[in-house]
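A quick write-up on the structure given underneath.
FYI, it's all coordinate maths here, none of it is from the lab. Here the structure is a predicted model, which means the values were calculated and not measured. Note that we place each Cβ from the backbone using ideal geometry, even for glycine, and neighbour counts take in every protein chain shown.
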Amino acid sequence: MKDKLIDFLKTNELTTLNDILANLSQNKDQITNQLKELKEEYLVGWTNDNKIFYIGDKYKIGSIRINDKGFGFVKNYNNLEEDFFVAPNSLNGCISTDEVVYTIEKESDDRYKANIEGISNRTKLSLVGELVKSKCGRFIDFIPSEQGFKNYRIVMVNQKDFSLKVDLILKAKILDVRDKKLFVRIQKVIGNSNKAIDRIVSIAYEFNIKPEFSVLALKQAEEVAIPINYNSEEVARRKNNSLIDKCLVTIDGEDSKDLDDAIYVEKNGDNYKLIVAIADVSYYVRPHSELDNNALFKGNSVYLANKVIPMLPEKLSNGVCSLNPNEDKLCMVAEIIFDKNGKVKRKKVYESIMNSKARLTYKEVNDIFNNKNPHKRNKEVLDMLHEAKKLHHLIEVERQSRGSIEFEISEPKIILDKDFNVVDIVKRNRGISEKLIENFMVSANEAVATIIFDKELPFIYRNHDLPKEDSLIEWHASLRALGINAKLNDKEKLNPKKIQVALKDIEEQVKNETEREVINITLLRFMEKAEYGLDNIGHFGLASECYTHFTSPIRRYSDLLVHRYLKQYIIEKDFNEKKLINNEKFIVKASNIINETEKNAVSAEREVNKVCMCEYMKDKINLEYQGVISAVLKFGIFVQLSNCVEGLVHISELKDYVYDTDKSIMINKNNNTLRLGQIIKIRVKNADVKKRVIDFELVS
């Protein structure tokens, strides 16, 4: 049936739904269902006016990004390495993020450009933006937060229904695009752009992070969020591996509601058994469903100050999937046996059912490790935690001996009052419990990756490439310029595994904690970025030959994908050749999408921290603080305070100082210098929430 439809489309590359129905002897439901499948596989483009494009040599399908200058680039869904320029007069009414059908045209200078032929799917349904005074001062203009929409004139068709004023943040539904005009209907007033908490949603949209789910995805979440059916085959087959009687516990932050992982440790002779049980999200979120599609294009949950923008609807993320205490939950398990030196002896993966015996927090477990028991936990939980601590120390020593790169980078914790005002910013503390969970999760991720890699099956890996030799030479030169003597010869400086030695030298020679952190962070600038991909190249930072992400399927799509492949390969032993080929294709596609969403999440988190810092510092103008120079650039120096707040001393404030390009320092005529890691005193000059900048001045 489907083959007949494809054959018809191959000879009629641009057709209509009515033409297809007239030529094929199938009912409308059969045809439309087949077309939907082909659309999901990017084999057809299907527009709102029921034009059907066959995707092949002539017509391509992809996603378009339009920049604020009015032109765009379209990326081919079937070849993600391929993208084409789209001129403003070739956009054909599409907007940024639309799924479009296009043709390719060769220009006179032998370059190629794309022409948009139709819109297959409009993924962008609404805009968030800020109201500002028009240039003439007589009107109020709506300026979208997102890139690619600022070159349109926004027409608010229902603005008379609202009492609008400058600085309001609005959400508006997109109605139509005509002649560089974008017609929208105001849906709601989000808040005031001068208030940090109100800007969070605006910043999310700025980085293409969508807080909402489609109506169908929410409906599907309601349908699947039901009690466990113990009689179903997928559940019954887990009974032999049941963990319900084991003393599994979750350890998370105090505010966490999406509990992905639980742990259990026991000692057997000289060996330790670690069980890492992870929420079985793949049981609820099935491939090609609307839930799955929403999750893929979100890529990950995003945590912005006090707001979580989840990858999955709350019915799943905080409900049936979350490993809440004293509730039976479906899980995927990595079970690892370690010897007395913290080396892995055996490992396996299986499906199970668990019941968490305690919902612990990092703070509580750190208290327990300091011989306190604030919540009066029972002996079974306490004994298990102390065995876990012993195993953690063994794993830590073994990982360090491998050359794993470990140094502390402080993160700011934004503290809000009941009215969501920023009242404090402090450094997040990391105790033994945080490091313990990190070590156990890394061990589980390594175990899972190695099991599948050894089977030579298509899989998604978390890769971190070796730093380039030039980067290492430059980093060691920057340390020398700071007066730090890394006790390594020239050959050792080119050995990535010796980086840990240099970090220990920094620790010994730099006693101020903030100064040490600032210097350590410079290493990140010289290292490659970790990414997802089909081919395993190892994870340099963790000194791991094989790595993936298995432990957070509630908040990372990569982990959900890993669970699916584990079930296919290990539980169901399904090695169908066509499925393996499709897995490869999908891994490449998904990796490109989630690498991008991860970058967007990091950028959004950074910008939200900036606005919160600006709000916090607004009432501290003219106050003086001690800080550490965190960057020296041509236009000034950035200074970080002890609570992670960072501001700029602009070059115009640095009288008589000039930038020395060779040494990356500021120097004045008296040979006084300002360099990275130097402790100085500053005065707060300005803090602007809307511009997200804090200005300092040097106190002489």
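Using DSSP to define loop residues, name the chymotrypsin sites (Phe, Trp or Tyr not before Pro) in segment 575-617 whose beta-carbon has at most 14 other beta-carbon atoms within 10 Å.
Within segment 575-617, the qualifying chymotrypsin sites (Phe, Trp or Tyr not before Pro) (loop, at most 14 other Cβ atoms within 10 Å) are 575.
Just need the relative contact order of segment 236-386 here, percent rounded to a whole number, with Cα pairs under 8 Å and 6+ apart.
For segment 236-386, the relative contact order is 33 percent.
Please identify every one of the chymotrypsin sites (Phe, Trp or Tyr not before Pro) in segment 203-248 that sits in a loop by DSSP and has no more than 15 other beta carbons within 10 Å of its own beta carbon.
Taking segment 203-248 and a limit of 15 other Cβ atoms within 10 Å, the loop chymotrypsin sites (Phe, Trp or Tyr not before Pro) found are 230.
Return 361, 661, 250 ranked ascending by Cβ neighbour count within 10 Å, so the fewest neighbours appear first.
By the 10 Å Cβ count, ascending: 661, 361, 250.
Contact order normalised by length for the chain, with contacts defined as Cα pairs under 8 Å and 6 or more residues apart; what percent is it?
Relative contact order comes out at 10 percent.
List the DSSP H helices in the chain whose Cα atoms stretch 24 Å or more along the helix axis and whose mean Kyte-Doolittle hydropathy is at least 0.0.
Flagged H segments are 432-455.
Neighbour counts of other C-beta atoms within 10 Å: give me 617, 311, 441 arranged from fewest to most.
So the ranking, lowest neighbour count to highest, is 441, 617, 311.
Using Cα pairs under 8 angstrom and six or more residues apart, how large is the relative contact order of segment 126-193, in percent?
34 percent
Please compute the net charge surrounding residue 693, taking Lys and Arg as +1 and Asp and Glu as -1 over other residues with Cβ under 14 Å from its Cβ.
+1
What whole number of Å gives the distance from the Cα centroid of segment 505-523 to the Cα centroid of segment 57-118?
47 Å
Would you list 450, 597 from fewest to most Cβ contacts within 10 Å?
Lowest count first: 450, 597.
Viscosity 0.692 mPa s, temperature 37 °C: Stokes-Einstein D of the chain from its Kirkwood Cα radius, in µm² per second?
Estimated via Stokes-Einstein, D reaches 115 µm²/s.
Please give the contour-minus-distance gain from residue 512 to residue 663: 0.36 nm per residue of separation, less the Cα-Cα distance, rounded to one decimal in nm.
52.1 nm
Determine the calculated [θ] at 222 nm for the chain from helices alone, applying -39500 (n - 2.57) to every DSSP H run no shorter than 4 residues and normalising by the residue count; nearest 500 deg cm²/dmol.
So the calculated ellipticity at 222 nm is -9500 deg cm²/dmol.
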